Amino acid sequence: MLVTNLECRYFVSYSGVQLPLKLVNELHADECNNRNTFFLGFFDMEQRLLRCEKRVYGEIELLHQYTYHENGSLQLAEITDADGEVTVLQFDNQGFRSIRSEIKFQGRSNVHSLDILRRKVHDRHISLRPHTVVCRGIFSTSCPCY
């Protein structure tokens, strides 16, 4: 995701438990110099949150990345925690979580799987771990749809 084309804003915190996160108490960039913890929100032209970083002592502790359906509802949420574990949640065009929508990855060794998920989310492919793919509900080591 190119964050250079997005509007970056700073926040104290977020409210609620629904996704995408609702960032609250906006800060000016210079106010972050004296803070140990703050949130960076990256917004598109339609003011949709595409990326949210929780910064603690300058390091990213939590990362949310969002994609949206054409109707504006949340399509995919990719959440990376402080340990590098990535959870991917998929939503239908009404905003409801899809069946089998949660997938977890641990560490850098699963980057290949995450790339497959990003490329194939529209084709109903869900990647679980390196070289294992769920294709139309069938587990296999290779996907016949490639």
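Over all directions, the projected convex hull of the C-alpha atoms in segment 1-57 averages 4.2 nm² in area. Between Tyr57 and Glu7, the C-beta separation translates, for a Förster distance of 41 Å, into a calculated FRET efficiency of about 0.95. Phi angles across segment 15-32 convert, under the Karplus curve 6.51 cos²θ - 1.76 cosθ + 1.60 with θ = phi - 60°, into 3J(HN,Hα) values of 10, x, 10, 7, 9, x, 4, 9, 6, 10, 6, 5, 10, 7, 3, 5, 6, 7 Hz, Gly and Pro given as x. Out of segment 1-71, which chymotrypsin sites (Phe, Trp or Tyr not before Pro) are coil in DSSP terms and have no more than 11 other C-beta atoms within 10 Å? Listed in order of number, the matching sites are Tyr57. Computing FRET efficiency as 1/(1 + (r/R0)^6) for His28 and Thr87, where r is the C-beta to C-beta distance and R0 is 41 Å, gives about 0.80.
None of the figures in this text is laboratory data; all of them are computed from the coordinates on show. Here the structure is a predicted model, which is why all the values come from computation and not from measurement. Cβ coordinates were reconstructed from backbone atoms using ideal geometry, including for glycine residues, and neighbour counts include every protein chain displayed.
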